[in-house]
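Peer 1: Just passing along the structure, written as structure tokens.
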Amino acid sequence: MSAVSRVLGVALDFVLPPRCPACGVQTGSTGGLCTECWRGLRFLAPPHCAQCGYPFEMDFGPGVRCGACLAQAPHYDRARSAVAYDDTIARILISFKHGDRTDLGPGLSAWMRRAGADLLMEADIIAPVPLHRRRLFARRYNQSMLLARPLAQAFGKPLVGDLVLRARITQSQGHLSPAARRRNVEGAFRTNPDRKGALAGRRVLLIDDVLTTGATVNAIARRLKRDGAEAVDVLTLARVVRETAV
Ligand SMILES: [Zn+2]
Ligand SMILES: [Zn+2]
């Protein structure tokens, strides 16, 4: 490294010190987690439920679904997520969504490529889940779009940002029971009438930041299939993994 670039690097770091988006400590490079936060993440990989992607403790073979999916099959075909939701992810998402760290989009979406490789390759259309939880925070951008755009580019798929429209603003979901969440999101979404023609017989991949109960993506999948979609898959950055869910 030359003296000039060393001086420039120091100067840039002074202006914009790269910080871990989860814990705020200064890191050696921009856009990444610190080593400690990175090591704490739980990346999700098979075996898992063939439909909702819930992680299994042991491999039951291909095509096996979890108890929840057997009891009541979701409207979506497959859901996959990169990491288990935890405090680190929660802090990253606060930086990403409410702290103007839009620069995190490409890096976070790269985590989703391995978990969602099959879904990404088989998709005809990639679409973000429209902005929600609007009552809590006013935001200038849709974080799902920031995750979807680099994925669509990497896999050469059409990105349709306005495929799904929010018919009304739903209540904040955080404090609601699963049944109440379902009621809350039913009828909350509609297919963009201008996009219905492009939907017939196509396989849609929905992109979102977190899968919690799946009520939101389930409601959207139901709507899209009623409007002609052949299949609807879901890929999220993180998912809530409750140890009692299976
Ligand atoms: Zn950290
Ligand atoms: Zn399942």
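Please treat every number below as a calculation from the coordinates, not as lab data. Given the structure is predicted, the values throughout are model-derived calculations rather than measurements. Note: ideal-geometry Cβ built from the backbone for every residue, glycine included; neighbour counts use all protein chains shown.
Peer 1: Kindly indicate the residue of segment 64-83 that is within 15 Å of the chain's Cα centre (by Cα) and within 11 Å of G53 (Cβ to Cβ) and also nearest to ligand 2 (Cβ to nearest atom) among those meeting that condition.
Peer 2: Checked segment 64-83; the qualifying residue nearest to ligand 2 (Cβ to nearest atom) is A79.
Peer 1: Hey, among the residues in segment 31-63 that are surrounded by fewer than 18 Cβ atoms within 10 Å (Cβ to Cβ) and among the aromatic types (F, W, Y), which one's farthest from ligand 2 (Cβ to nearest atom)?
Peer 2: So, considering only residues that are surrounded by fewer than 18 Cβ atoms within 10 Å (Cβ to Cβ) and among the aromatic types (F, W, Y), the one farthest from ligand 2 (Cβ to nearest atom) is W38.
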